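Data block below; observations after.
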Protein chains: 2
Amino acid sequence: MARAATTSDAFNAVAEPRRRDILNYLAMQERSVSDIVDAMEMEQPSVSKHLKVLKDVGLVEVRREGRQMLYKVNAMAIRPLHEWTSTFERLWKHQLLRIKERAEAKNEEKK
Amino acid sequence: MARAATTSDAFNAVAEPRRRDILNYLAMQERSVSDIVDAMEMEQPSVSKHLKVLKDVGLVEVRREGRQMLYKVNAMAIRPLHEWTSTFERLWKHQLLRIKERAEAKNEEKK
DNA sequence: AATATACATTCCTATATGGGAATATGTAAA
DNA sequence: TTTACATATTCCCATATAGGAATGTATATT
């Protein structure tokens with residue numbers, strides 16, 4: 001079997017750094033494709049293809065305005081990623097605490 | 001160009017659902033490969049290969065104990081994902097607020 | 001030393017890219 | 001109705017899987 005499709009879920013879709021760049025850019029406000037092309041410095045077909053992937057997994061929404069297509073983020077679709085990573089938050093906080101404790105113990109030694 | 005390697009970063013590594021399953025399992029405690037094989041109901045070579053990807057991006061750490069290799073999560077490596085998703089938190093909270101407001105307005109109508 | 005156990009690695013293959021180039025589609029302007 | 005503009009789609013190809021099968025390697029047991 002090959003790798004799962006980029007359109008299979010949000011996890012696969014955001015694995016591509018350019019798509020995260022696009023989402024970051026759209027986080028500020030709704031934008032046209034050509035705005036994105038200019039900002040990202042990518043070829044227009046590439047941008048359109050990335051936008052298609054993002055749309056397929058529900059990470060962006062589109063509406064037409066004249067000749068332009070205006071894209072915006074659908075933040076709700078990012079929530080599952082946030083929630084999955086949150087389940088590990090307790091672990092890394094604990095890890096950070098231990099690092100801090102060690103640093104303090106080392107400091108105590110010096111005295 | 002093809003898709004970026006699964007070992008290029010944590011985003012690509014966790015795109016694969018089986019690897020997230022493994023991380024979820026390891027979140028509870030350090031485990032041997034055969035423990036993982038049993039729990040995940042996957043073939044041992046598959047598990048070993050997924051573990052290699054996770055290790056390459058720093059998502060897990062290993063130590064040997066006799067014949068066994070004990071793997072554990074390195075939660076710190078998940079933080080970048082958490083932080084990236086957090087930048088959209090404001091947006092979905094705003095979205096949820098609007099949904100709530102609409103529901104209340106609709107309720108008001110009924111009266 | 002021989003054998004068993006626990007993992008890792010290699011080889012194979014179907015599949016899904018992402019980018020570049022070219023082209024198609026849809027809408028507005030002249 | 002041409003023409004221009006904005007975006008989407010198609011074709012091509014090098015590349016990287018993920019899983020299955022087979023094999024290699026390290027450590028412990030007998």
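Structure notes:
- The value for the protein assembly as shown of Rg(Cα) / (2.2 N^0.38 Å) is 1.25.
- Quarter the surface of the alpha carbon convex hull of region B:64-111 and you get the mean projected area, 6.0 square nanometres.
- Neighbouring partner chain Cβ atoms per residue of B:16-27, average, 10 Å criterion: 2
- Dipole in debye (nearest 20) - chain B, about Cα centre, beta carbon charges: Lys, Arg +1; Asp, Glu -1: 280
- Solvent-accessible area of A:Trp92, all protein chains in place: 10 Å² (probe radius 1.4 Å, heavy atoms, ligands and nucleic acids excluded).
- Applying the criteria of a DSSP loop state and at most 13 other Cβ atoms within 10 Å to the GluC sites (Glu not before Pro) of region B:1-97 yields B:Glu41, B:Glu43.
- Near-label residues of region B:1-35 by backbone N, under 14 Å of a point 7 Å along Cα→Cβ of B:Arg63: B:30-32
- Computed with a 1.4 Å probe over protein heavy atoms only, the accessible surface of chain B comes to 63 Å² per residue.
- Spin-label model, B:Ser46 to B:Glu30: label points 7 Å out along the Cα-to-beta-carbon direction sit 2.7 nm apart.
- Total lysine pairs in chain B at Cα distances under 24 Å, for residues eight or more apart or on different chains: 6.
- Taking the protein heavy atoms of the protein assembly as shown in the context of the full set of protein chains, the accessible area attributed to carbon and sulfur is 49 percent at 1.4 Å.
- For A:82-95, mean number of other protein chain Cβ atoms within 10 Å: 6
- The calculated 222 nm mean residue ellipticity attributable to helices in chain B amounts to -18500 deg cm²/dmol, summing -39500 (n - 2.57) over DSSP H runs of n ≥ 4 and dividing by all residues.
- Residues of region B:1-40 with amide N under 18 Å of a point placed 7 Å along Cα→Cβ from A:Ser86: B:24
- When every Cα-Cα distance of region B:10-110 is counted in 5 angstrom steps from zero, the calculated P(r) takes the values 2, 11, 19, 18, 11, 7, 7, 6, 6, 5, 3, 2, 1, 0, 0 percent.
The values are calculated or read from the model by the stated rules, or taken from the named source; none is laboratory data. If you're wondering where the values come from, they're calculated on a predicted model, not measured in any experiment. Note that each Cβ is placed from the backbone with ideal geometry, even for glycine, and that neighbours are counted across all protein chains shown. For the accessible areas, the whole protein counts, side chains as well, though only heavy atoms, and no ligand, DNA or RNA atoms are used. Shrake-Rupley method; radii C 1.70, N 1.55, O 1.52, S 1.80 Å.
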